[in-house]
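Data block below; observations after.
The values are calculated or read from the model by the stated rules, or taken from the named source; none is laboratory data. Because the structure is a prediction, the values reported are computed rather than measured. All Cβ positions, glycine included, derive from the backbone under ideal geometry; neighbour counts span all protein chains shown. Ligands, DNA and RNA are stripped out before the accessible areas are found, and what is left, the full protein with its side chains, is counted by its heavy atoms. Shrake-Rupley method; radii C 1.70, N 1.55, O 1.52, S 1.80 Å.
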Amino acid sequence: MQMTAQQFDALLPDTVELLSDEPEMESSLHYTQLALLVSCLEWFWRDRQQFFIGANLTIYYSRQQLKNRDFRGPDFFLVKGTEQRPRTSWVVWNEEGRYPNLIIELLSNSTATVDRGLKKQLYQDRFRTLEYFWFSPETLEFAGFHLNADLVYAPIEPSPDGWLWSQELGLYLGIWHGQLRYFEQNGERVLTLPEAMAVQMTASEQVAQQAEADRQRAEAAERELQRLQAELRQLRGQ
């Protein structure tokens, strides 16, 4: 017996509450790298409102995908121009048809072939995601692509430092001490909150040290002045 479209739709889960169905990160290296990408950008964009960052979160993009349980969740994705609120998954048809502006996949032995092939094709042809990057925390393999005028992914040319420019982020992505980091156009590394606090603390300590050095020099100068004045009074007394 055939089901009507309405009957089939009634059998589907409530798409507002769809949960993510992604496996755990491959290793602690992958987890640390993902957490770094998320926390660093959230801190750098702390004054912005209209964006959402997904971390190891399933993207639901068709009812047929739900039926087939063909779930595809990028390790990291960015959607711009949307409400910044918690989500249990990204359901395209509940998000005004929005797909990610940018995707980053973290390569591993078990996912690299799919990330370089099937997923790249999906992000190009179905998602029309403007920029796609992949990075291996283990081998440091790094590549990036942008959707060109023919709607085909073209490699992003690296800078002299080997960084790749992201138009969507307005930042470079590049490898620093074995991790994928963000860099501003002037070459400054985008800091995490702990790094920014450490820099501020170091700067405060340097100011305090300078102030203490200035105080000690002033006291030494005052003592020398008092000594000279005492000698001068002694000479006058003679």
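Observations
- Checking each residue in the stretch 173-184 for being in a strand (DSSP E or B) and over 11 Å from the mean Cα position of the chain (by Cα) picks out 174, 175, 176, 179.
- Residue match in the stretch 113-126 (condition: within 27 Å of residue 183 (Cβ to Cβ) and either under 17 Å from the mean Cα position of the chain (by Cα) or in a loop (DSSP other than H, G, I, E, B) (or both)): no
- Whichever residue in the stretch 53-106 is among the hydroxyl-bearing types (Ser, Thr, Tyr) and surrounded by fewer than 16 Cβ atoms within 10 Å (Cβ to Cβ) and, among such residues, is modelled with the lowest pLDDT: 62
- Residues in the stretch 176-186 that are closer than 12 Å to residue 159 by Cβ and either of a type in the set (A, V, I, L, M, F, W, C) or at pLDDT below 95 (or both): 183 alone.
- Residue check, residue 163 among the aromatic types (Phe, Trp, Tyr) and either surrounded by fewer than 17 Cβ atoms within 10 Å (Cβ to Cβ) or modelled with pLDDT under 95 (or both): no
- Within the stretch 1-52, considering residues that are open to solvent by less than 60 Å² (accessible area, probe 1.4 Å) and among the hydroxyl-bearing types (Ser, Thr, Tyr), the one modelled with the highest pLDDT: 39
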